[in-house]
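The values are calculated or read from the model by the stated rules, or taken from the named source; none is laboratory data. From a predicted model like this one, the values you see are computed outputs, not experimental measurements. When we count neighbours, we look across all protein chains shown, and the Cβ atoms used for this are built from the backbone with ideal geometry, even at glycine. To get the accessible areas, we keep the full protein, side chains included, count just its heavy atoms, and leave off ligands, DNA and RNA. Shrake-Rupley method; radii C 1.70, N 1.55, O 1.52, S 1.80 Å.
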Amino acid sequence: MRTSPFKALALLSGGLDSILAVKIIQEQNISVEAVSFQSPFFRNKQIDDVALKLGIRLHKIDMTREILAIIQNPVYGFGKNLNPCIDCHLSMIKRSGEFLKEIHADFLITGEVLGERPKSQNTNALNLIAKRSGFGDILVRPLSAKKLKITRAEEEGFVDREKLLDLAGRSREPQLALAKKYGIDYFPQPAGGCLLTDPCFCDRLRHSLRLKKMNALDIGLLQVGRHFLTGKGVKIIVGRDDAENRKIRDLLKDEYYLFELKDAPGPVTVLCTDEPDEESIIPAASLTARYSRFRGEKSVEVVYYRKNEEPRCVTIVPRTHLELNLKLI
């Protein structure tokens, strides 16, 4: 079969729907490249392997700044938690449409399925995203195309509409059947991969929004440890196990202060301020001791420091957050 002269740019999340969208277009011998959007809220660690198995070139675009701005003022509101899905999808389509010109692609494809997600994939939402993005005429949704209004990309023959599908609804059976047909076994189970759909994460994020703590480091720290607030609104985070301790160390560079037991294993604690005072140092050190094997001791030595700084030592009595008048979040 002759190779198509057209090229598609796919929005690739790594989930089954986006993989199938690529396969359906590839069946028409259309060249496909993909873009994967990255942020602290969503990141598929296997996305490079997915692109390799699909045989397509992958481009990664960081969306952290845009998502942070959207969360603080979503035009189209939130879903069940703090997930501004319509605003987020709209922003991704706009960025993809702009990037499409750089790689000389002709049209966009996504794995969206009509009715699969009640808020962001109903008819009105899909039409709104297409219209407001400015790229609706070249935005093709291969899994549900026959259920949607025909696009210019289809009318002008960039892609054969007759070979596109008419899926709709929340059932996964058609997609699983297609996966079997294509021999695709490298997709995750659908489980809301965006942290903005996680109720516990969102509770912590709401506090950060009120405290105006919205940089990438603070978002990364929301995913680990026990979180406490001092009366002045300074956050203290205590690692719960070795894995969280390692993640905390990896996240921090020269920002914030780390607390550890002196010459003994135990939790890693973060004091989320650049200017610690006694009112925050004492509870951070005390909690570090409280969640260690020395919780029953009358005095414990704790060191605290920023990376590349000399540690300072404080001798402390282990106490609970209630004894310290801290709020658990």
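Of note:
Here's the yes/no breakdown for (1) under 30 Å from residue 228 (Cβ atoms); (2) open to solvent by 20 Å² or more (accessible area, probe 1.4 Å); (3) part of a helix (DSSP H, G or I); (4) free of Cβ contacts under 8 Å to residues at least 60 places away in the same chain:
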| residue | (1), (2), (3), (4) |
| --- | --- |
| 142 | no, no, no, no |
| 154 | no, no, yes, yes |
| 158 | no, yes, no, no |
| 178 | no, yes, yes, no |
| 181 | no, yes, yes, yes |
| 188 | no, yes, no, no |
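- Residue count for the stretch 260-279, restricted to those that are in contact with an Asp or Glu (Cβ under 8 Å, 6 or more places away or on another chain) and either open to solvent by 30 Å² or more (accessible area, probe 1.4 Å) or without any contact (Cβ under 8 Å) to a residue 12 or more places away in the chain (or both): 4.
- Taking the listed residues 293, 319, the one that is over 32 Å from the mean Cα position of the chain (by Cα), crowded, with 16+ Cβ neighbours inside 10 Å and not small (Gly, Ala, Ser) is 319, with no other qualifying.
- Matching entry among 213, 247, 232 (being within 13 Å of residue 283 (Cβ to Cβ) and either at pLDDT 85 or above or not in a helix (DSSP H, G or I) (or both)): 232
- When residues in the stretch 52-79 are screened for being without any contact (Cβ under 8 Å) to a residue 12 or more places away in the chain and part of a helix (DSSP H, G or I), 3 of them pass.
- Any chance residue 218 is open to solvent by 50 Å² or more (accessible area, probe 1.4 Å), touching a residue at least 40 places away in the same chain (Cβ under 8 Å) and either over 30 Å from residue 68 (Cα atoms) or in a helix (DSSP H, G or I) (or both): no
- Residue within the stretch 80-88 that is part of a loop (DSSP other than H, G, I, E, B), open to solvent by 20 Å² or more (accessible area, probe 1.4 Å) and among the charged types (D, E, K, R) present: yes
- Residues (within 24 Å of the chain's Cα centre (by Cα) and farther than 22 Å from residue 197 by Cβ) located in the stretch 116-134: 130, 132, 133
- Test for residue 163: is it modelled with pLDDT of 95 or more, in contact with a helix residue (DSSP H, G or I) (Cβ under 9 Å, 6 or more places away or on another chain) and among the charged types (D, E, K, R): yes
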